[in-house]
Amino acid sequence: MDATVYLPSPLGPLALIGSDAGLRAVSFLDDANITATPLATVPACLRPAHEQLQAYFNRELRDFDLTYATGFGTDFQQQVWRALLGIGYGRTASYLDVAKALNNPKSVRAVGAANGQNPLAIVWPCHRVIGADGSLTGYAGGMHRKKWLLEFEQPTRQGGLFS
């Protein structure tokens with residue numbers, strides 16, 4: 001049986017859903033009145049996701065190491081979601097890049113559709129997929145969140161010695 005916990009984030013509350021089989025969903029919530037789940041009451045099956053997402057937002061973690069509940073999504077969607085894991089923190093890739101990584105460069109639109117169905121926001125970094133021209137394109141969590149996440153993941157740029 002799935003459990004749900006709520007985690008505050010700089011982007012609004014997140015819902016984490018999972019079971020002993022693993023994490024099934026991380027979703028943005030637009031209801032600011034959601035009450036955060038006290039850490040002491042987070043079920044063991046969701047504690048790693050809860051802790052790792054907190055560490056991510058505290059800039060203490062770049063790569064997630066979680067167990068996922070599998071069995072959702074089509075084979076193609078699962079291929080796209082796995083490919084997202086290859087886009088490193090602070091980096092971006094275009095939909096075409098992802099399609100090419102799947103050895104199917106004509107599947108750009110299908111990659112976009114699968115990206116939009118990603119059940120594990122932030123953890124499977126679909127926010128790192130952008131247009132071929134470098135533009136920000138659709139994001140199921142909202143463009144303001146995609147922009148924030150991409151800026152958050154950029155390393156601090158240091159100016160010149162005397163600038």
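The values are calculated or read from the model by the stated rules, or taken from the named source; none is laboratory data. What you are looking at is a predicted structure, and each value in this text was computed from that prediction instead of being measured. All Cβ positions, even for glycine, are placed from backbone atoms using ideal geometry, and neighbour counts span all protein chains on display. Only protein heavy atoms, including side chains, enter the accessible area calculation; ligands, DNA and RNA are left aside. Shrake-Rupley method; radii C 1.70, N 1.55, O 1.52, S 1.80 Å.
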By residue number, the members of the range 30-54 that are at pLDDT 95 or above, within 21 Å of Asn118 (Cβ to Cβ) and open to solvent by 20 Å² or more (accessible area, probe 1.4 Å) are Cys45, Pro48, Gln52, Gln54
From (1) open to solvent by 60 Å² or more (accessible area, probe 1.4 Å); (2) over 19 Å from Ala25 (Cβ atoms); (3) assigned to a loop (DSSP other than H, G, I, E, B); (4) of a type in the set (A, V, I, L, M, F, W, C), pick out the condition that doesn't hold for Ile87. (1)
Within the range 120-146, work out how many residues are of a type outside the set (A, V, I, L, M, F, W, C), part of a loop (DSSP other than H, G, I, E, B) and either modelled with pLDDT of 95 or more or within 20 Å of Gln54 (Cβ to Cβ) (or both). 2
Residues that are among the aliphatic types (A, V, I, L, M), closer than 20 Å to Tyr139 by Cβ and without any contact (Cβ under 8 Å) to a residue 60 or more places away in the chain, drawn from the range 1-56: Leu7, Ala15, Leu16, Ile17, Leu29, Ala32
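Arg128: loosely packed, with under 14 Cβ neighbours inside 10 Å and either of a type outside the set (A, V, I, L, M, F, W, C) or touching a residue at least 60 places away in the same chain (Cβ under 8 Å) (or both), yes or no? Working first, answer last.
Details: loosely packed, with under 14 Cβ neighbours inside 10 Å: no; either of a type outside the set (A, V, I, L, M, F, W, C) or touching a residue at least 60 places away in the same chain (Cβ under 8 Å) (or both): yes.
So Arg128 does not fit the description; no.
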Among the residues that make up the range 100-113, is at least one of them open to solvent by less than 40 Å² (accessible area, probe 1.4 Å), polar (S, T, N, Q) and more than 15 Å from the chain's Cα centre (by Cα)? yes
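At pLDDT 95 or above and either open to solvent by less than 70 Å² (accessible area, probe 1.4 Å) or over 14 Å from the mean Cα position of the chain (by Cα) (or both): is that true of Phe72 in this structure? Reasoning before the result, please.
Working: at pLDDT 95 or above: no; either open to solvent by less than 70 Å² (accessible area, probe 1.4 Å) or over 14 Å from the mean Cα position of the chain (by Cα) (or both): yes.
Spelling it out, it is not the case that Phe72 is at pLDDT 95 or above and either open to solvent by less than 70 Å² (accessible area, probe 1.4 Å) or over 14 Å from the mean Cα position of the chain (by Cα) (or both).
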Given the conditions (1) in a loop (DSSP other than H, G, I, E, B); (2) of a type in the set (A, V, I, L, M, F, W, C); (3) at pLDDT 95 or above, report the number of the one that Val98 does not fulfil. (1)
